[in-house]
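**Q** Dumping the structure here so I can ask a few things about it.
The values are calculated or read from the model by the stated rules, or taken from the named source; none is laboratory data. This is a predicted model, so every value here is computed, not measured. When we count neighbours, we look across all protein chains shown, and the Cβ atoms used for this are built from the backbone with ideal geometry, even at glycine. Keep in mind that these areas ignore ligands, DNA and RNA; they rest on the heavy atoms of the full protein, side chains included. Shrake-Rupley method; radii C 1.70, N 1.55, O 1.52, S 1.80 Å.
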Amino acid sequence: MLLKRGFRLLKIASVVLTAQLCMSLAPSITKSLHSKHISSRQISTCNRWQPLRSAATDEVTNHAEETDDATNSKVDHIPGSRGDGYIVTKTYDVPIEGFPSLSDVFEPSDQERLQLEVMNVTLPAALMLLDPEKYPTQSRARKAIRQRAICICRRNSDSKFDELGKVIARAYPGDIIGYQQRGGSDYYSVQGTPYRLPAFDVPVIFEDDHVAIVNKPAGIVAYRAEGNRGGGSRGGHGRDTLISALPAVLKPSNIPITDENYPMKRPQPVHRLDRPTSGLVVVAKTKLATVHLSQQFEFRKAQKTYMAILNGSPQQPNSDNEDGWNLIDHDLEDKSAVTKWKVLQTVKSLHGNNGVLTLVELKPKTGRYHQLRRHMAWVCKAPIVGDATYDEDNMRLRKRGLFLCSNEITIEHPYYNTPSGREEWSQLKKDILNLGEGCLLEEDEESGIVTLRVRIDLPKKFA
């Protein structure tokens, strides 16, 4: 025991000596580095984090806004983000004149001990001087630095936060100190809810300031289990849900805030897909978009298309067979449930019922619980391949999951059909061909309604 305590004391003593040596060498090293700083820098801009500009960056922001107005570019004024999954969400500009108020915050003894000067202070001291509310003490500032939350953009670093903050680092006039967070935990965590990067990919197919459409992977639930926010021993899905992943993959809305409309605290899906189902999910990013899009799904204005592979050859009772389409009107839980479907392709399979698998296109007209899966299994007598709930007999076809994908959706745009959005749409519609593959934003010639249609390729397992 005595030997172990002795080794521990030696380790502590070595750490203390190393820290003191670094403190004694830091001023001379940083002064030599500071002498190499150039007198001017060009501030790069990022169009993603506008709601997070702090009061400490207003001077830099105003200067950059004047430049942007001259070039008619709609950009933001926070320097570029770091790599390794971190994004700078708040910045502090070290004044050119330094910190004349240094003596108002630090006692003379502290200035001498920390070697603080008007034009040369430690990083914790700079944080205390620039944001005294968030960093009222040295301990609070040092804690943020040790948590990798602070980075530095030097005057000669080409406007990049390429230096991770350290307790012994120094801050000089012209430097920019950045507060960084994991990607996706920026704007939305400031609003009150923490997020982390998802453990799965959520491709963004379409996105603007009002609405986004993402491709939900199979096996991911849309929402957390009822009454559970964090998962753990109580069960539930924790943060491995679509709604928890959205802040990490979507950009914050930059709309002007009014009493009627404002960005959502977090992006809100306006409908859901079953856990084993993959495909398109519509997400609202503003208050008005949430209302308009929810009404479209409630009153069946949104048009959804699914693709599925059926186990066997589907029966076609009460078929109107109009252009190959069949209609199912079969109530579920005493509620109306209507589905249109048609056969696209039939192939032979050793594992399918009667040696057949069938590719079908489905268009639900209502949105009942497991509607498509139950209609195919109960009415057409051909359950969807991989459906462990409604195809209990066939175990061979479950290894690759449920073969059901929402691959196309059409909605009315929640903003461009409003009076305030029509003027913006008249300017935007010239560029509607630049939305990317699979996205089409167009105006109906007869009704004048602006619709958004998105289509994606089927998952590789459908091939």
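**Q** With every protein chain present, what accessible area does residue 307 have (1.4 Å probe, heavy atoms only), rounded to the nearest 10 Å²?
**A** The accessible area of residue 307 comes to roughly 10 Å².
**Q** Under 10 Å from the Cβ of residue 383, count the other residues' Cβ atoms, weight Lys and Arg +1, Asp and Glu -1, and hand me the total.
**A** Within the 10 Å Cβ shell, the charges total -1.
**Q** Over all alpha-carbon pairs of segment 81-182, lay out the pair-distance distribution in 10 Å bins, whole %, shortest bin first.
**A** Result, from short to long distances: 16, 52, 28, 4, 0 percent.
**Q** OK, next. Give me the distance in nm between label points sitting 7 Å out from Cα along the Cα-to-Cβ direction at residue 350 and residue 442, one decimal.
**A** 4.6 nm
**Q** In nm, give the distance between the simple-model label positions of residue 163 and residue 291, each being 7 Å from the Cα along the Cα-to-Cβ direction.
**A** About 5.0 nm, to one decimal.
**Q** Still on this model: How large a share of the accessible area of segment 314-463, in percent, is made up of carbon and sulfur atoms when the probe is 1.4 Å and the other protein chains stay in place?
**A** Here carbon and sulfur together make up 45 percent of the probe-accessible area.
**Q** Next question, about the same structure. Taking the highest mean first, how do the peptides 120-126, 385-391 order by number of other beta carbon atoms within 10 angstrom per residue?
**A** Packing proxy ranking, top to bottom: 120-126, 385-391.
**Q** With an 8 Å Cα cut-off and a minimum separation of 6 or more residues, compute the relative contact order for segment 308-418 in percent.
**A** 27 percent
**Q** Once you order the gyration tensor axes a ≥ b ≥ c over the Cα atoms, which shape class does segment 343-456 get: rounded for a/c under 1.5, otherwise prolate or oblate by comparing a/b with b/c?
**A** Prolate, since a/c reaches 1.5 and a/b exceeds b/c.
**Q** How many angstrom lie between the C-alpha centres of segment 394-414 and segment 87-127?
**A** Using only Cα atoms, the two centres lie 57 Å from each other.
**Q** Given contacts defined as C-alpha pairs under 8 Å and at least six residues apart, what's the relative contact order of segment 81-182, whole-number percent?
**A** It comes to 41 percent, rounded to a whole number.
**Q** Another question, then. Output the peptides 247-256, 335-344, 446-455 sorted from most to least packed, where packing is the average of other Cβ atoms within 10 Å over each peptide's residues.
**A** In decreasing order of mean packing, 247-256, 335-344, 446-455 become 247-256, 335-344, 446-455.
**Q** Which residues' amide hydrogens lie under 5 Å from the amide hydrogen of residue 91, considering only partners 5 or more residues apart or on another chain, with H built in the peptide plane?
**A** Distant-sequence amide H within range of residue 91: 54, 179.
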